[in-house]
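Student: Encoded as structure tokens, here's the structure I'll be asking about.
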């Protein structure tokens, strides 16, 4: 190693380049030497990835024992934070292990968090979906404006039915089991949902940090790049869009179809069901594939991708805001578990406050009540005005916020706990 260091120093003197030259390959090589050292101190970035940087110390003995190294040269190295160091094989191995298993840990942690969350809060999704499906729309068969009938039967869900009425209707027509209608697909899919969102978000953030850090090196700033709020939003949006396109669209199509079917059965309007009464998700999937092909399972994919890209971006943005500002309000340690829970609740609130109208449009498209999200928005605005349209699109907000805030807190807390538990196994 000493011979390599001597070669580097001689090369610098011959090329008349200083360590401040941003395009100096030797400078970059020397900077990479700093990343690994026996006395490394690790710091956790806001994206959860572990960055290893250290302040190196060069002893007088090592200076005096290094041939062909002058004190001015060593001083220049110190001034620019480029002190030479020996690579530590143990630390290299540890860093390699953490890098290899980071994605695996994120997948396991995300799957655990998602499955726990949906097991607890699926009944909220059922009630919200039933309320969204009851939104009054103009249909192709009846081009006139549909007005709310004041004489509608009390045992039927209408556009004026609140959460209590929908809850009562559901439990009278199926008991507690009805609150887990279409549950099997979402439960299995959560292993893909959350693991995809958290893993893609983590990988995207690591990519941004790597790229931005290298750009900073070119300008002489040798510190790791700190993610901005805009970075959190963009990385979250990418993870949400990928997850929605690959997994969420077909799974929520099947779930919403089954929940809508339960309402039609209870109201005695099964004649409106496109495929008739389906016994479960597999039969519904087969019927859709037979009638519409595989593209039928992705009905409403466009609005679903828009919802989850904006929603997941907002989710991680509000989570970061919570982590940043809650410690200032409470005065407790930033690493406190209560802050993780509080930041998670902020994330859930931010997600649903922004995406609930898109979620309503997605539900209407997937259940076949409308063929176009844009046409539905135009219809509601022209018929009910802007305020009325917003009120219709925010139907079920009680369930969305009642589910979203605690669910996000549980999801993020579980993810954090499981991920750090797995990460500790390789330290």
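Taken together, the values in this text are just the output of simple stated rules run on the coordinates, not laboratory data. Predicted, not measured: the structure shown is a model, and the values here were computed from it. Here the Cβ positions follow ideal geometry from the backbone for every residue, glycine too, while neighbour counts run over all protein chains shown.
Student: So, R0 is 41 Å and r is the distance between the beta-carbons of residue 286 and residue 372; what FRET efficiency does that work out to, to 0.05?
Tutor: 0.95
Student: In what order do 187, 297, 284 fall by count of nearby beta-carbon atoms within 10 Å, going from fewest to most? Write down the numbers at each step before the final one.
Tutor: Numbers: 187 15, 297 18, 284 22.
Going from least to most buried by this count: 187, 297, 284.
Student: Taking neighbour Cβ counts within 10 Å as the exposure measure, how do 252, 215, 292, 424 sort from fewest upward? Write down the numbers at each step before the final one.
Tutor: Numbers: 252 26, 215 11, 292 14, 424 8.
Listing 252, 215, 292, 424 from fewest to most nearby Cβ atoms yields 424, 215, 292, 252.
Student: Taking 0.36 nm per residue of sequence separation and subtracting the Cα-Cα distance, how much length would be gained by fully extending the chain between residue 275 and residue 101, in nm to one decimal? Could you put the intermediate results ahead of the total?
Tutor: Details: separation 174, 0.36 × 174 = 62.64 nm, distance 4.49 nm.
Additional length available on full extension: 58.1 nm.
Student: Right, another one. Label residue 424 and residue 398 with points 7 Å out from Cα along Cα→Cβ: what is the distance between them in nm?
Tutor: 4.2
Student: Let me make sure I get this right: for the range 291-427, a, b and c are the square roots of the gyration tensor eigenvalues over alpha carbons, sorted descending. Under 1.5 in a/c it's rounded, otherwise prolate if a/b > b/c, else oblate. Which is it?
Tutor: Taking the square roots of the gyration eigenvalues as a ≥ b ≥ c, the range 291-427 is oblate.
Student: How many angstrom lie between the C-alpha centres of the range 233-294 and the range 380-401?
Tutor: Here the two parts' Cα centres lie 23 Å apart.
Student: Another question about this same structure. Please order 298, 352 by the number of other Cβ within 10 Å, starting at the fewest.
Tutor: In order of increasing Cβ crowding within 10 Å: 298, 352.
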